[in-house]
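Structure first, then comments.
The values are calculated or read from the model by the stated rules, or taken from the named source; none is laboratory data. None of these values were measured; they are calculated from a predicted model. Cβ placement follows ideal geometry from the backbone for every residue including glycine, while neighbour counts extend to all protein chains displayed. For the accessible areas, the whole protein counts, side chains as well, though only heavy atoms, and no ligand, DNA or RNA atoms are used. Shrake-Rupley method; radii C 1.70, N 1.55, O 1.52, S 1.80 Å.
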Amino acid sequence: MNNLGKVLNHKKLNDEKVLVAYLVAGDPDLESSLDLMHLLVEAGVDIIELGVPFTDPIAEGPVIQKAHDRALKKNTDFKSIMNLVNKFRISNPQTPIILMGYINTFVTNKKLINMKDNGIDGVLVVDIPGEFNLADYEINNKKIDSISLISPTTSDDRIKTIVDQSSGFIYYVTLRGVTGSSHFDKSEIEFNIKKIKNLSNMPVMAGFGIKTTEDAAVLASYSDGVVIGSSIVDLIDKNSDKKDFESVKEYVTDIKEAISQ
Amino acid sequence: MKSKDLPDKFGFYGEYGGKFVPETLMFALAELEETYKSLRDNNEFQTEFYRDLSQFVGRPSPLYFAKRLTDHYGKASIWLKREDLNHTGAHKINNTVGQILLAKHMGKKRIIAETGAGQHGVATATVAARLGLECHIYMGTEDVRRQSLNVYRMKLLGAEVHAVDSGSATLKDALNEALRDWVTNIESTYYIIGSVTGPHPYPMIVRDFNAVVGKELIDQSKELFGKMPDAILACVGGGSNAMGIFYPFIEYDEVRLIGVEAAGEGLKTGNHAAPLNDGTPGILHGAKSYLMQDESGQVKGTASISAGLDYPGVGPEHSWLKDQNRAQYAAVNDSQVVEAFHLVNKLEGILPALETAHAFAYLEEFMPTTSQDEHIVINVSGRGDKDINTMAEVEGIDL
């Protein structure tokens, strides 16, 4: 069992909600990313989602788009992201790391993903059709889970197919829109997550658009955990000048507390 | 599998094409495909489409013998398929007239589109105005600047033009932004993609609506020179005008199909927009196709004098035709395009769009390989009024 499986099992046994945090690797630079990964774990993050920057991130709102651009300006590529993961693993062998990004860079760098013991526990490719398996694209690493998105517009038939092709957990997209949008339909979210849980034993995380502790608490009550992305990326950007990320830590700590109640 | 039967049920042309989009869009693509398939062979729908093409667009477009251009090269007879004479001035209207009918049948009240040169934006704003639908056009800020005439036209037609500042601020980024809008407003909105690009079923739908050009050409060729053309030339950015004129001819092996890409500052400089000539297979905007990308899979910047060809990808069916050797893809650079632009103006009294001028520019290399008993056809995809400012700037003229 990989780190991800262990953490998810542990959380389930203890009836605890999972906190997943997203940041873009290389924003504002790789050294800061390393510091931020440790800081997030200290603040109570259970799973780290590392965004792999891409020139054309069509599922991202402006906040994360700009983070992708900043990381690319620093020449962040797959290889340097793998180095970042290796450095993180020196002092933290246990926190699951998921790479999240777009299929073109994942296919181009499949050798790095397929490498043994590379410290990665899961991949989430935003623009791969849910009915396909990553193995169809020669991304095939037994230690790495393939996490899929299910959205409010996913049909019941597709939910079944997607669940069959996925492992780790299901990422439920809480709204129609790009990352960082707002406007939740809470009853729809509750209804859809129940539906997914009827078809699968996997945990379901809710993400896209969670900003406040209130959002996080409500969505955590319907799901097994929440994913926080744009708000963290925004705080990272606002504090990149001085590289003092204390406010990121405070924000994440508050979210953790909100979902733990 | 024969090219005529493509794409397959997953939306692939061989290894190219597909639906590589975020999950939220998958339902909308399925809905669109279902609607299109139910209407494609429906007589009423076809009658409505062809009536609009005839009475609103002004089809069929003429096939015109370019006598002085033919004499200039002294080789094959050169014929021009005059898509520049369509309402709104380019082939783009064929596709928007068709897609707006799909939108109407699906009950969508809000229309979005991306545009590069602005021709697709104008064609979309035009059909939306005609049906009284809300219309939003995404356009890179760089293109808003160099195609200001078309921006004003879109506004006159009641569309809201959104300047896109992200990335390279050109067509590729406009497409990104349109996709983001679509994800957000998925239930109310119909996205009219302007080329044979994007996720399935778009490359198929846009091709089919544009194929009216090739279908007309079959009849006109027989009537005017008594046989099939020996070769058909068309410029290729995303590739919709080329696909529209090529498609009905794919099964006629004797007809050479030649696409001309934008070599920008020259293929060797890397500053161009010619993925079929100097790219590798990759995935952008929902489809696998030839793509300008670096070793780590990032999409490269493009350069071309023409906003409409300034795109790092190309329609998946062109990639298939290239690999099958059924079509050839050449490239001409900006300075060759400027020369051709002048030549066509002076010899034929026709002001071609800079995109279209790429196809004309390739004649310099191509014509010497032809003979006098042959007939070749150039798809004059659009007229060049929109490019007057760019040309004046290139030549240092203050208008």
So how much accessible area does residue A:39 have, in Å² to the nearest 10, using a 1.4 Å probe? 30 Å²
Within chain B, what's the longest stretch lacking trypsin sites (Lys or Arg not before Pro) that sit in DSSP loops with no more than 14 other Cβ atoms inside 10 Å? B:228-399
Taking every residue in A:101-109, how many Cβ atoms of other protein chains lie within 10 Å of its Cβ, on average? 6
What pairs from A:186/B:300; B:215/B:386; A:194/A:249 go past 30 Å between their alpha carbons? A:186/B:300; A:194/A:249
So which trypsin sites (Lys or Arg not before Pro) in segment A:134-215 are both in a DSSP loop and have at most 12 other Cβ atoms within 10 Å of their Cβ? A:142
For residue A:6, counting only aspartates and glutamates whose alpha-carbon sits under 12 Å away and dropping same-chain residues fewer than eight positions off, the answer is A:46, A:121
Gaussian network model of chain B, Cα springs within a sub-10 Å range: biggest mean-square fluctuation belongs to which of B:382, B:14, B:237? B:14
Calculate what fraction, in whole %, of the accessible area of segment A:3-260 sits on carbon and sulfur atoms when a 1.4 Å probe is rolled over the protein chains. 50 percent
Residues of segment A:23-51 with the amide nitrogen closer than 17 Å to a label point 7 Å from the Cα of residue A:73, along Cα-to-Cβ, please. A:24-33
Mean residue ellipticity at 222 nm from the helices of the protein assembly as shown, using -39,500 (n - 2.57) per DSSP H segment of n ≥ 4 over the full residue count, to the nearest 500 deg cm²/dmol? -13000 deg cm²/dmol
Within chain B, which is the longest segment that contains none of the GluC sites (Glu not before Pro) sitting in a DSSP loop with at most 13 other Cβ atoms within 10 Å? B:16-186
Could you list, in their original order, any pairs among A:66/B:19; A:242/B:19; B:268/B:288 whose Cα atoms are separated by more than 31 Å? A:242/B:19
Peptide A:143-152, shielding by other chains (average Cβ, 10 Å cutoff): 2
Enumerate the calculated ³J(HN,Hα) couplings along segment A:105-117 in order (Karplus 6.51 cos²θ - 1.76 cosθ + 1.60, θ = phi - 60°), each rounded to whole Hz, writing x wherever the residue is Gly or Pro. 6, 5, 5, 4, 10, 4, 4, 5, 6, 7, 4, 5, 6
When all Cα-Cα pair distances of segment A:3-260 are considered, the percent exceeding 29 Å is 22 percent
Which percent of the Cα-Cα distances in the protein assembly as shown go past 34 Å? 45 percent
Can you work out the base-10 log of I(q)/I(0) for segment B:313-399 at q = 0.12, 0.19, 0.20, 0.26 1/Å, using the Debye formula on its C-alpha atoms alone? -0.45, -0.97, -1.04, -1.34
If you count, for every residue in B:289-300, the Cβ atoms of partner chains within 10 Å of its Cβ, what is the mean? 5
What is the spin-label model distance, in nm, from residue B:335 to residue B:51 if the labels are put 7 Å beyond Cα along the C-beta direction? 5.4 nm
Would you list, by chain and number, the aspartates and glutamates whose Cα falls below 16 Å from the Cα of residue A:79, excluding same-chain residues fewer than 8 positions away? A:27, A:29, A:31, A:117, B:294, B:295
